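Taken together, the values in this text are just the output of simple stated rules run on the coordinates, not laboratory data. Here the structure is a predicted model, which is why all the values come from computation and not from measurement. Note that each Cβ is placed from the backbone with ideal geometry, even for glycine, and that neighbours are counted across all protein chains shown.
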Amino acid sequence: MAVLLQLTVTPATHEQFDQLDVRVGESMMRAGGPPAGLMSHVVYPQGEGFVIADVWRTPAEGQPYVDEVLRPLLIELGLNAPESTVLPVWSFARP
C-alpha cells in the first residue's frame with residue numbers, strides 16, 4: 001500500500017532548504033536517479049520551517065531512504081526533523 005511520509009523540519013530557513021535540495025540532488029545523481037518506490041515529492045513552508053511530503057509505493061521503500069539518506073543530510077546541515085509521519089494513501093493519480 002502506498003504511503004505518505006512527512007518530515008517537519010523546524011526551525012529552518014528557505015536558504016537551508018535550498019542547501020538540502022542541492023545535497024539531495026547530488027545524492028540522487030550518485031545513485032543513478034530517484035530512489036525506487038518514490039512516486040511524488042513536494043516541500044512546502046510551515047511555521048518556522050518546512051515540510052517534506054513524499055508518496056512512496058510502500059513503507060519498506062520510503063522509510064529506509066528517510067533514515068539512511070535524508071536524515072544524515074539534515075544532520076550535516078544542522079537541521080532537525082525528529083519524527084516522520086507515515087499515513088496510508090488511498091488514492092494517487094497523475095494527470
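Only Lys, Arg, Asp and Glu carry charge here, each on its Cβ (+1 for the first two, -1 for the last two); on that basis the chain has a dipole of about 340 debye about its Cα centre.
When the Kirkwood radius is taken over all Cα pairs of the chain, what Stokes-Einstein diffusion coefficient follows at 20 °C and 1.002 mPa s, in µm²/s? The calculation lands on 157 µm²/s. Each residue of the range 52-59 was assigned a 3J(HN,Hα) from its phi angle through the Karplus curve 6.51 cos²θ - 1.76 cosθ + 1.60 (θ = phi - 60°); the sequence is 9, 10, 10, 9, 10, 4, 9, x Hz, with glycine and proline shown as x.
Report, by chain and number, residues whose modeled amide H sits under 5 Å from the one on Met39, excluding near sequence neighbours (fewer than 5 apart, same chain). The answer is Val55, Trp56, Arg57. Here the extension length gained between Glu26 and Gln63 equals 11.4 nm, from 0.36 nm per residue of separation less the Cα-Cα distance. Each Cα pair under 8 Å and six or more residues apart adds its sequence gap; the mean of these over the residue count of the range 3-88 is a relative contact order of 50 percent.
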